[in-house]
């Protein structure tokens, strides 16, 4: 939405809808599609990640399945134990899809407060990057991590019983039940791991009003109707998604436990949804800059560059681009 807004394609909805309607949505979700004091769309439906894990692999590794990891450092520690004890991988994280998340999880900034300079050229950032890269270089993270298609490969490995943990959306429970019933029977679910910041990034779909619309007020009213509490609840009950209006989460559908893995997954995701953070980078040439950061991170994983030097060089590139705007 922000990319389209920057191109002047979208209309701000706070010029079209009353504040009492906008206040019903999660504030963090509205903030994620806002710039310059304007909101460029309405959050429609959302999701929050959970941690699926193979109970039998945990047991074989000597880990108590009642206590899944709750932090990313614990995930890495479990991964070492699992690989050493069973020969299987603990996790295949998708951190290189958005390489800045490893810093966000630890509460480290990517940009200066004025958004004019990169802020990741520090020893603290390098320490975090080196931690993940070392796990990869020592063989505790799958080689597919740097090859692309991590989520698909992680899903395949989990369903084949070769991966202990899969951090993904709650819709996966239906997939593993249908595709790998034997693995489904020995699966459990825990909360998404967190870092020192106690924050993680969520995603959501939006409804937007295109500039040039003949009836923008009618379009905005329709978007608000589609995403109202009643319609969101109906949608959530036929698809594994979650609402974007705060009051909808008060429905018993999101609190009543019937003992099934599907319901446990939903309730676990709901708890995570309440603390979801939308990491927003409202900067020019955003894709170019994050692609450059990804290249730098991968070079460290492959042992081609030192963590601090790679981040420092990448930060210089960011500063040149940001400074030219």
Whole-angstrom gap from the stretch 73-139 to the stretch 27-50, using each part's C-alpha centre: 26
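What is the extension gain from residue 230 to residue 113, computed as 0.36 nm multiplied by their sequence separation minus the C-alpha to C-alpha distance, in nm to one decimal?
Working: separation 117, 0.36 × 117 = 42.12 nm, distance 3.95 nm.
Extending this stretch completely gives an extra 38.2 nm.
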Residue 205-residue 221 pseudo-label distance in nm [points 7 Å out on the Cα-to-Cβ vector]: 2.4
Pair residue 22, residue 74: separation of 7 Å Cα→Cβ label points (nm): 3.9
Calculated FRET efficiency for the pair residue 38/residue 81, C-beta based, R₀ 56 Å, to 0.05: 0.70
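So how do 277, 168 line up by other beta-carbon neighbours within 10 Å, fewest first?
277, 168
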Relative contact order, percent, the chain [alpha-carbon distance under 8 Å, six or more residues apart]: 31
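Mean separation of Cα pairs under 8 Å and 6+ residues apart, divided by the residue count of the stretch 103-146: what relative contact order is that in percent?
For the stretch 103-146, the relative contact order is 23 percent.
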Mean projected area in nm² (Cα convex hull; one quarter of hull surface) for the stretch 1-45: 3.1
The stretch 51-149 pair-distance distribution - Cα-Cα, 10 Å bins, rounded %: 14, 42, 30, 11, 3, 0
Rg ratio (alpha-carbon, reference 2.2 N^0.38 Å) - the chain: 1.06
The stretch 182-315, relative contact order [Cα under 8 Å, separation at least 6], %: 26
Geometric extent, Cα atoms of the stretch 142-288 - Rg, Dmax (angstrom): 18.5, 54
Highest-MSF residue in the chain out of 138, 22, 261 [GNM, Cα springs under 10 Å]: 138
Residues residue 144 and residue 66, FRET efficiency given R0 of 30 Å [Cβ-Cβ distance, rounded to 0.05]: 0.50
71, 260 arranged by Cβ crowding within 10 Å, fewest neighbours leading: 260, 71
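Taken together, the values in this text are just the output of simple stated rules run on the coordinates, not laboratory data. Worth saying up front: this structure is predicted, and the values here are computed from it rather than measured. Neighbour counts are summed over all protein chains in view; Cβ atoms, including those assigned to glycine, are modelled from backbone coordinates with ideal geometry.
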